[in-house]
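J.: Let me begin by handing over the structure; questions about it come next.
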Amino acid sequence: MRRAGDGDQFDRLLSAARAYWGRRPAGPGTCVVAEAMHQDIRVIVRNLLLANALCDLTAARLVVLVGTDRDWTRALWDDYDVERVRRLAEAFGAAEVVDVHELADRRLADEGDAPAEGVDAAALDVVEKATLIRLNLVPRLPHAEDEQHRARRARARAFSAVYDRLFAELAPAALVTSHVDYDQWGLAVETAMRRDVPVVHAQSTGSLKAYALFPGEARGPGGFREELTRRIAAYFDEHVWANRELIRPGAELVAWRAKGNLGRPSWWRAGNVSSFEVRTETERRQLRRHACDRLGIEPDRPIFTVFNHAVSDAVGANREVFGDLAEWFEETAEFAAAEESVSWLFLDHPSQERYDVTGHFGSVAARYAGRSHLAFAPSLDLSKNMLWSLTDAGVTVRGSVSSELPAFGIPVIQAGWSEWSGCGLSNVAETRADYWRLLADAVARHAKGESTLGPEQRERARLWLWLYRCGADVSSPLLPHWELGDGEEYLRALSVSMRHVERDGDPLHCAVRRMWERREPLLSRFDFRDQAGLAAALTASRSA
């Protein structure tokens with residue numbers, strides 16, 4: 001585990017965790033399966049805490065999944081150590097630790113690469129392709145696959161069979177995971193959904209956030225993310241939008257703080273570049289002209305900013321109207337080149353080098369060099385002050401800007417789904433034709449000095465910010481905030497908490513119980529069904 005696997009502080013954490021969790025009976029009965037296949041100790045601990053809360057609630061034992069392989073280590077990991085993760089899992093009360101990569105190796109050696117019976121072939125293909133794209137850091141796969149691609153596809157099918165057999169033997173009450181995409185995580189989620197096992201998806205941000213999908217909620221053939229988008233939309237309308245009068249003061253405070261908040265959205269901006277300090281339209285116009293001069297953009301025309309998503313990130317994981325993220329970006333640039341009534345600013349993803357080794361963004365930029373109404377720039381060259389002063393409308397697939405920009409009066413068009421895409425914040429295309437229609441309409445209206453953002457969209461976006469940063473962010477005295485980092489300070493804070501904080505009455509356990517018993521799609525800090533308690537809790541000072 002990165003910066004957390006060595007030293008006395010790690011041993012002290014293990015000692016504190018053993019004393020805190022004790023030992024549960026390891027005999028037969030139900031279990032909760034927790035994934036621990038990530039090198040960041042904060043990710044693993046969140047999964048283990050959620051899983052232990054569910055174990056307390058369901059009288060289940062804890063089973064932890066570990067492991068990695070050469071491809072994942074080469075692409076992403078600096079220091080994933082299976083034995084240290086195993087020690088951590090056992091200290092947190094795991095009755096059994098299973099190395100699923102070792103099981104996949106055995107499966108390939110003994111039985112070949114036949115997938116699990118009953119797995120949907122199309123769903124398996126999506127996971128295989130997404131994994132290959134991510135591991136190779138490329139925008140799309142070549143038409144002719146090489147030996148490495150074939151070997152990875154075989155490994156994905158082995159994962160499918162391993163998870164199917166494992167879940168049949170364990171009959172888990174729930175799966176807790178940090179990721180729902182790619183073969184080593186996504187196929188566990190696919191198996192859980194196919195076998196009617198609830199899936200809890202912990203988030204890597206904030207105090208503690210988690211999404212959940214329960215059996216019987218699927219309305220179509222979509223995967224975890226698509227179904228979650230639908231469930232969150234229904235939850236948002238029932239509990240957040242319906243209580244907007246109560247929530248509005250807190251939502252305004254959260255929006256004000258979000259101008260310089262380092263939590264997601266805008267997780268990728270740090271320091272001064274993350275702050276939006278413009279207070280008046282005059283200040284915005286002045287900064288806009290300065291930024292346009294720097295970029296060579298005409299300041300007197302509307303500017304559409306196209307936010308390039310990380311091109312190898314979870315391709316096909318949610319509903320998208322283009323074949324892949326690179327195709328969307330290329331065709332949007334082609335559309336923009338022919339539409340000169342507005343200016344266009346194309347920005348790369350701020351962590352582009354971690355997702356693409358082919359120079360895709362640069363190649364698209366070179367294709368349109370010399371077009372005076374088009375500009376291409378690295379996103380980290382612009383502060384939030386400049387970016388928001390420039391942008392009259394945003395265009396993206398599923399990035400966090402689609403929830404953040406509307407909260408501050410900037411409309412966004414999406415060519416794909418995020419988890420918030422059913423909440424009425426942005427203009428979401430249902431088809432490719434619908435995307436071009438939305439884009440053409442926005443260009444025409446902005447060219448006439450109008451905006452495509454309505455007042456309800458802006459309020460919904462602010463309410464979503466409140467839900468994401470406050471209402472669905474559960475503080476626990478046991479768990480250090482994500483922003484504390486993953487080093488010695490984090491280990492010490494967690495160790496101290498485990499020596500002095502009891503889990504009786506812990507807000508985390510209360511929130512998990514509420515989510516579990518009501519089959520809600522996310523953890524919540526408040527009981528939205530208790531109107532009197534909600535009214536008492538939702539004050540401007542309490543909602544930050």
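J.: Given the chain, what count of lysine pairs have C-alpha atoms under 30 Å apart, with each pair 8 or more places apart or on different chains?
T.: On the way: Lys129/Lys209; Lys209/Lys259; Lys209/Lys384; Lys259/Lys384; Lys259/Lys448; Lys384/Lys448.
Taking the chain as the scope, the lysine pair count is 6.
J.: Follow-up. What accessible area, in Å² to the nearest ten, does a 1.4 Å probe give for Lys448?
T.: Here the residue's solvent-accessible area equals roughly 150 Å².
J.: Checking the a/c ratio against 1.5 first, then a/b against b/c, what shape does the Cα gyration tensor give for the stretch 403-541?
T.: In terms of gyration-tensor shape, prolate.
J.: Once amide H atoms are placed 1.01 Å from N in the peptide plane, what residues at a sequence separation of 5 or more from Asp99, or on another chain, have their amide H within under 5 Å of its amide H?
T.: Val66
J.: Taking the Cα centre of the stretch 290-427 as origin and charging only Cβ (+1 Lys, Arg; -1 Asp, Glu), how large is the dipole, in debye to the nearest 20?
T.: Here the stretch 290-427 has a charge dipole of around 220 debye.
J.: Give me the percent relative contact order of the stretch 47-120, please, defined on Cα pairs under 8 angstrom at least 6 residues apart.
T.: 35
J.: Taking amide H positions as placed 1.01 Å from N in the peptide plane, with prolines and chain starts having none, which residues 5 or more places from Leu208, or on another chain, fall under 5 Å of its amide H?
T.: Val474
J.: When a/c reaches 1.5 or more, the comparison of a/b and b/c decides; with that in mind, is the stretch 125-209 rounded, prolate or oblate per its Cα gyration tensor? Present the calculation step by step, with values, prior to reporting the outcome.
T.: Values: a/c = 3.22, a/b = 1.43, b/c = 2.25.
Oblate shape, in that a/c is at least 1.5 and b/c is the bigger or equal ratio.
J.: Suppose every Lys and Arg Cβ carries +1 and every Asp and Glu Cβ carries -1, with no other charges. What dipole size does the chain come out with about its Cα centre, to the nearest 20 debye?
T.: 1400
J.: Taking a ≥ b ≥ c as the square roots of the eigenvalues of the Cα gyration tensor of the stretch 354-434, is the shape rounded (a/c under 1.5), prolate (a/b larger than b/c) or oblate?
T.: Prolate, because a/c is 1.5 or more and a/b exceeds b/c.
J.: Count the DSSP beta bridges whose two residues both fall in the chain, then state the antiparallel fraction as a percent rounded to the nearest 5.
T.: Details: 6 of 39 bridges.
Roughly 15 percent of the DSSP beta bridges within the chain come out antiparallel.
J.: How big is the chain in terms of Cα radius of gyration and Dmax, in angstroms?
T.: Computed over the Cα atoms of the chain, radius of gyration and Dmax are 23.6, 72 Å.
J.: Whole-Hz Karplus ³J(HN,Hα) for the stretch 115-126, in order, using 6.51 cos²θ - 1.76 cosθ + 1.60 and θ = phi - 60°, x for Gly and Pro?
T.: Computed from phi, the couplings for the stretch 115-126 are x, 5, 5, x, 5, 6, 4, 5, 5, 5, 5, 4 Hz.
J.: With the contact rule set at Cα under 8 Å and sequence spacing of 6 or more, what percent relative contact order holds for the chain?
T.: Here the relative contact order equals 17 percent.
J.: If I take every Cα pair under 8 Å that is 6 or more residues apart in the stretch 387-443, average their sequence separation and divide by the length, what percent do I get for the relative contact order?
T.: Relative contact order comes out at 27 percent.
The values are calculated or read from the model by the stated rules, or taken from the named source; none is laboratory data. Because the structure is predicted, anything quoted here is derived from the model rather than measured. Every residue, glycine as well, gets a Cβ built from its backbone with ideal geometry; the counts of neighbours run over all protein chains shown. Accessible surface is based on the protein model in full, side chains and every heavy atom, while ligands, DNA and RNA are left aside. Shrake-Rupley method; radii C 1.70, N 1.55, O 1.52, S 1.80 Å.
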